[in-house]
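The values are calculated or read from the model by the stated rules, or taken from the named source; none is laboratory data. Not measured: the values here are computed from a predicted model. Because the Cβ atoms are built from the backbone with ideal geometry, glycine has one as well, and the counts that use them run over all protein chains shown. What goes into the accessible areas is simple: the full protein's heavy atoms, side chains included, and nothing from ligands, DNA or RNA. Shrake-Rupley method; radii C 1.70, N 1.55, O 1.52, S 1.80 Å.
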Amino acid sequence: MTTATALDTHRAAVLAGLSRGWIETRQSFTETAKVIVEAFFSLIYIAVLLMLRRKTMPGTDFSLAATVLPGLLCMSIIFGGIVGPSVSITAEREDGTLLRAKATPNGMLGYLVGKIVMVALSTLLKFVVILVAGIMLVNDVIVDARACLLLTLIFVVGMVATVPIGVALGSVMKSSLQAGLVPLTCGLLVIASGLFFPITVLPTWLQSFVQAFPVYWVGLGARSAMLPAQMVAAEIGGSWRMVEMFAVLGVWAAIGLVLAPVLLRRMARRQSGSAVAEVRARIRSKGY
Amino acid sequence: MSSETPAIALDVRGLRMRYGARDVLTGVTFTMKRGEVLALLGPNGAGKTTTIEILEGFLMRSAGNVSVLGIDPAQGNEAWRARIGVVLQSWRDHRFWRVRELLTYLARFYAPFATAEVARPWDVDELIDVVGLSKSANAKIMTLSSGERRRLDVAIGIVGRPEMVFFDEPTAGFDPHARRDFQDLIHRLSDFDNTTILMTTHDLDEAEKIADRILVLDEGRIVADGSADQLASEFTTAAEVRWTSSGRRHVHAARGGDATSFVRDLLIQNDDVTDLEVRRASLEETYMTIVQRAESAQSRGGIPNGAAAKISDVRA
Ligand SMILES: Nc1ncnc2c1ncn2[C@@H]1O[C@H](COP(=O)(O)OP(=O)(O)OP(=O)(O)O)[C@@H](O)[C@H]1O
Ligand SMILES: [Mg+2]
């Protein structure tokens with residue numbers, strides 16, 4: 001008689017999760033419904049770059065599109081990392097995917113690995129598409145070794161700081177309707193975080209408020225990578241504040257990595273066929 | 001190795017479940033032997049799904065003792081989970097996946113739980129064939145018909161070669177052919193793999209064909225427990241005897257459910273008897289009698305059945 005060690009069973013679940021992530025990423029290119037959702041934002045972002053292509057910042061001859069590009073890259077990370085997992089986890093709780101995972105030995109581990117892989121791959125793809133479109137369409141952005149290294153670092157740190165938060169939010173949201181608050185909140189933060197205009201024009205209390213969230217720092221990081229050095233003058237304290245950036249994102253990553261497994265496990269514990277059926281009855285009678 | 005395969009697969013004592021102020025299960029007690037096939041019957045809302053979900057470890061019970069394969073489902077770990085198969089009353093997950101894709105994915109989790117006795121998981125293509133989904137193996141799950149979807153649910157439930165399977169209305173939406181296939185599958189699982197099977201169904205004919213034992217749940221407690229034959233002789237008083245003699249058709253309800261002595265006398269006394277027919281009460285008739293009796297007893301103030309009596313012991 002052979003007994004399964006925890007290592008064997010976890011390895012099997014992680015490998016299965018990797019295949020799950022790949023299958024679901026592939027689906028986002030083959031399912032019309034998913035392709036439309038995935039392509040929608042990228043197309044809007046590219047349209048924005050096209051429209052701003054010939055515009056310059058007021059009073060300078062610096063390209064307006066160049067200042068917007070880092071903001072768009074930041075948005076792709078934030079929406080991919082926070083909104084992606086939170087909305088899909090809520091939806092998959094309602095359709096019983098999570099219950100299926102719960103019925104499978106180490107199925108939640110496989111599910112989580114699959115989700116991370118899927119979110120990382122599809123966000124990376126959107127990030128690269130915007131970046132390449134930006135480099136082709138926009139003058140005045142810097143694309144050298146330092147920029148590439150920094151962007152890679154910011155993408156990775158940005159994902160690690162946001163995906164666990166997205167998973168945690170997806171676990172606490174009670175319904176798809178509630179989960180709709182996540183993109184709304186992220187949208188408001190994006191507006192207030194100075195991605196598309198100098199943050200220093202905002203009241204100081206709002207500046208301090210948004211500096212508590214990852215959006216501002218991922219945006220700052222993207223600007224520090226791609227904009228010429230003199231642009232730092234428009235930033236708070238006239239500095240790119242790299243150390244602070246990695247510190248704040250690190251704190252968010254730590255918070256998320258602690259909270260996400262706890263909240264996900266608590267949510268999974270509550271899953272049952274009756275709970276799924278109840279949600280379905282609610283959707284049938286109320287429409288959401 | 002008797003220590004690894006104890007004779008009792010499932011043991012439920014005084015199981016109670018309460019939602020808010022409403023008691024849904026009021027003391028359910030039964031056991032199942034290894035390899036046994038048990039059908040849980042009962043009217044809508046009787047508590048069948050609730051019972052099964054507690055045994056699967058998905059719902060937390062309010063009171064009572066439960067052991068599934070020797071482990072309390074509320075504390076079941078992943079190794080226990082690997083020995084359990086689950087088919088819920090309805091699923092709609094993984095719409096965008098393909099049949100073989102999903103089965104292959106789920107099968108991977110079970111491989112490390114294989115033992116010398118149990119080869120895990122089931123070979124996916126063989127399993128697809130066994131449940132009759134070969135033609136749809138590459139179909140997207142959302143395009144399956146409801147019966148095909150149900151076959152997939154059954155396949156997923158057994159892909160890990162579980163020692164104990166819970167089926168909640170597995171054959172809902174099956175055509176007659178699929179029903180027959182399902183019966184064969186159940187026999188194969190219990191006879192060859194010694195799998196213990198607990199299923200609910202509203203198809204009494206199916207219960208009679210598949211199950212070694214039938215349990216009737218009504219208003220949160222068990223009101224009958226036995227084979228279809230035992231239930232018929234215990235709960236119905238009459239077997240019906242019909243015959244033709246002197247050109248006339250006769251009908252007689254034999255008391256006690258045993259028509260043998262009546263028929264013996266009949267044949268000795270009349271030598272022109274033709275078209276003799278003896279019909280024992282069908283499971284459907286028995287079931288109706290059981291449920292009616294339980295409900296009238298309930299409205300008279302309730303009879304303390306065995307299970308209810310044990311509950312008061314547990315709580316005392
Ligand atoms: N989450 C819940 N909250 C409150 N009541 C519930 C809940 N889940 C089930 N019930 C109630 O418990 C009772 C038993 O339900 P259950 O689903 O176990 O019945 P069932 O025997 O499976 O019925 P069916 O044959 O219709 O499947 C029902 O009256 C139902 O309304
Ligand atoms: Mg039910």
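In the complete set of protein chains, residue-level accessible area for A:M136 is approximately 140 Å², probe 1.4 angstrom. Karplus-based coupling profile of the range A:173-190, in residue order and whole Hz: 5, 7, 8, 4, 4, 5, 4, x, 5, 5, x, 4, 4, 4, x, 5, 5, 4, with θ = phi - 60° in 6.51 cos²θ - 1.76 cosθ + 1.60 and x standing for Gly or Pro. The label point for A:V262 and the one for B:K33, both projected 7 Å from the Cα toward the Cβ, are 5.0 nm apart. The helix-only estimate of mean residue ellipticity at 222 nm for chain A, built from DSSP H runs of length n ≥ 4 each weighted as -39500 (n - 2.57), is -25000 deg cm²/dmol after division by the residue total.
DSSP finds beta bridges in chain B, and of those with both partners inside it, around 65 percent are antiparallel. Principal semi-axes of the equivalent ellipsoid, √(5λ) from the alpha carbon gyration tensor of the protein assembly as shown, are 63, 23, 22 Å from largest down. The slack between B:H202 and B:H187, meaning 0.36 nm per residue of separation minus the straight C-alpha distance, is 3.5 nm. Using a 1.4 Å probe, how large is the accessible area of A:L169, given in Å² and rounded to the nearest 10? Taking all protein chains as shown, A:L169 has close to 50 Å². Legend: calculated FRET efficiency, A:I255 to B:R22, from the Cβ-Cβ distance at R0 = 56 Å, rounded to 0.05, equals 0.90. The phi-based Karplus calculation (6.51 cos²θ - 1.76 cosθ + 1.60; θ = phi - 60°) puts the 3J(HN,Hα) values of the range A:266-272 at 4, 5, 5, 4, 7, 6, 8 Hz, whole numbers, x for Gly and Pro. Taking a straight Cα-Cα cut-off under 20 Å and skipping sequence neighbours fewer than 8 places away in the same chain, the lysines within cross-link reach of A:K34 are A:K115, A:K126, B:K140. Within a straight-line Cα-Cα reach of under 20 Å, A:K55 cannot be paired with any lysines, leaving aside sequence neighbours fewer than 8 residues apart in one chain.
Relative contact order, whole percent, for chain B stands at 21, derived from Cα pairs under 8 Å and 6 or more residues apart. Computing FRET efficiency as 1/(1 + (r/R0)^6) for B:D265 and B:Q230, where r is the C-beta to C-beta distance and R0 is 22 Å, gives about 0.25.
Excluding residues fewer than 8 places away in the same chain, name every one of the aspartates and glutamates whose C-alpha is closer than 14 Å to that of A:K174. Leaving aside aspartates and glutamates fewer than 8 places away in the same chain, those within reach of A:K174 are A:E92, A:E94, A:D95, A:E278.
Counting Cβ atoms of other protein chains within 10 Å of each residue's Cβ and taking the mean over peptide B:111-124 gives 3. Ordering B:F30, A:M231, A:F209 by Cα displacement along the dipole of the protein assembly as shown toward the positive end leaves A:M231 in first place; charges were set at the Cβ atoms of Lys, Arg (+1) and Asp, Glu (-1).
Entry note, chain A: relative contact order of 26 percent, from Cα contacts under 8 Å with a spacing of 6+ residues.
Helix A:64-78 and the long axis of chain A differ in direction by around 20°, with both axes built from C-alpha atoms.
Sorted on the mean count of surrounding Cβ atoms within 10 Å across their residues, most packed first, peptides B:270-276, A:20-26, B:182-188 read A:20-26, B:182-188, B:270-276. Peptides B:281-293, A:191-203 ranked from most to least packed give B:281-293, A:191-203, packing being the mean of other C-beta atoms within 10 angstrom over each peptide's residues. Take each residue of peptide A:105-116, count the partner chain Cβ atoms within 10 Å of its Cβ, and average: the result is 3. For the peptide A:6-16, the mean number of other protein chain Cβ atoms found within 10 angstrom of a residue's Cβ is 4. Against the main long axis of the alpha-carbon atoms of chain B, helix B:146-158 sits at an angle near 70°. Considering every Cα-Cα pair within chain A, what fraction, in whole percent, is farther apart than 28 Å? Result: 41 percent of Cα pairs exceed 28 Å. Rounded to whole numbers, the Karplus 3J(HN,Hα) couplings from phi for the range A:248-257 are 5, 5, x, 5, 4, 4, 5, 4, x, 5 Hz, using 6.51 cos²θ - 1.76 cosθ + 1.60 with θ = phi - 60°, and x at Gly and Pro.
Taking the 0 to 90 degree range and rounding to the nearest ten, how far is the long axis of helix A:6-30 tilted relative to the main principal axis of chain A, both from C-alpha atoms? Taking Cα atoms only, the helix is inclined about 60 degrees.
With a Förster radius of 41 Å applied to the beta-carbon distance between B:A63 and A:H10, the computed FRET efficiency rounds to 0.75. Projecting the Cα positions of B:T236, A:I77, B:I222 onto the charge dipole of the protein assembly as shown (unit charges on Cβ atoms of Lys, Arg, Asp and Glu, taken about the Cα centre) puts A:I77 furthest along the positive direction. Database remark: amide H of B:R221 closer than 5 angstrom to the amide H of B:T26 (H placed geometrically; neighbours at sequence offset of 5 or more, or on other chains; Pro and chain starts carry no H).
Where only DSSP H runs of four or more residues are counted, chain B gives -10500 deg cm²/dmol as its mean residue ellipticity at 222 nm, each run worth -39500 (n - 2.57).
Against the compact-protein benchmark of 2.2 N^0.38 Å, the Cα-based radius of gyration of chain B scales to 1.15.
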